[in-house]
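Values in this text are rule-based calculations from the coordinates and carry no lab data. Please read these numbers as outputs of a predicted model, since none were measured by experiment. Cβ atoms come from the backbone with ideal geometry, glycine included; neighbour counts cover every protein chain shown.
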Amino acid sequence: MLQTLTKEQLLNWDIRAIDRPEIFEQWLNTIAEEKTVSTELIYTKMNGQYDLMLNVYYANTQEELEEITPDFFFSHSWLEEKFWGFVSAAAKSKATFDAEFFFDQLAGYC
């Protein structure tokens, strides 16, 4: 069953507490009404381990967005099978979804 939260609840929701892709998509769509929001899928090495990351950025303007580091990220190693649900939610949301860097990285391995 999909839980629907109010706009006020979503605007005040701490992204670190989001544990389900459907809530993440609602959150992204609500934040995107108020701010410029972007998500980015990347492949990275962190603490000596390779991982897939879904970075989340948001700012008041596109210019600010281009100058900041991610506000939050989801990692495949932490979420395991749930990770792809979060990627799907990001891709379906009103936020910009960028996977170009990820596919450029994959092309480098082929």
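Output the pairs from Lys35/Lys94; Lys35/Lys92; Lys45/Lys94; Lys7/Lys92 with a Cα-Cα distance over 20 Å in this structure; if there are none, say none. Let's see the in-between values first.
Details: Lys35/Lys94 11 Å; Lys35/Lys92 17 Å; Lys45/Lys94 29 Å; Lys7/Lys92 18 Å.
Beyond 20 Å between Cα atoms: Lys45/Lys94.
Computed from phi, the 3J(HN,Hα) profile of the range 20-33 under the Karplus parametrisation 6.51, -1.76, 1.60 (θ = phi - 60°) reads 9, x, 5, 5, 4, 5, 4, 4, 4, 4, 5, 4, 5, 6 Hz, with x in place of Gly and Pro. Each 10 Å bin from 0 upward holds the following percent of the Cα-Cα pairs of the range 20-63: 25, 41, 28, 6.
Using only Cα atoms, figure out Rg for the chain and give it as a multiple of 2.2 N^0.38 Å. Could the numbers behind the result be given before it?
Numbers: Rg = 14.1 Å, N = 110, 2.2 N^0.38 = 13.1 Å.
With N residues counted in the chain, Rg over 2.2 N^0.38 Å equals 1.08.
Only helical runs count toward this figure. For the chain, summing -39,500 (n - 2.57) over DSSP H runs of n ≥ 4 and dividing by all residues gives -11500 deg cm²/dmol at 222 nm.
Of the GluC sites (Glu not before Pro) found in the range 25-110, the ones in coil according to DSSP and having at most 14 other Cβ atoms within 10 Å of their Cβ are Glu67.
Entry note, the chain: relative contact order of 29 percent, from Cα contacts under 8 Å with a spacing of 6+ residues. The mean of 1/r over all pairs of different alpha-carbon atoms in the range 49-110, once inverted, gives a Kirkwood hydrodynamic radius of 13.0 Å.
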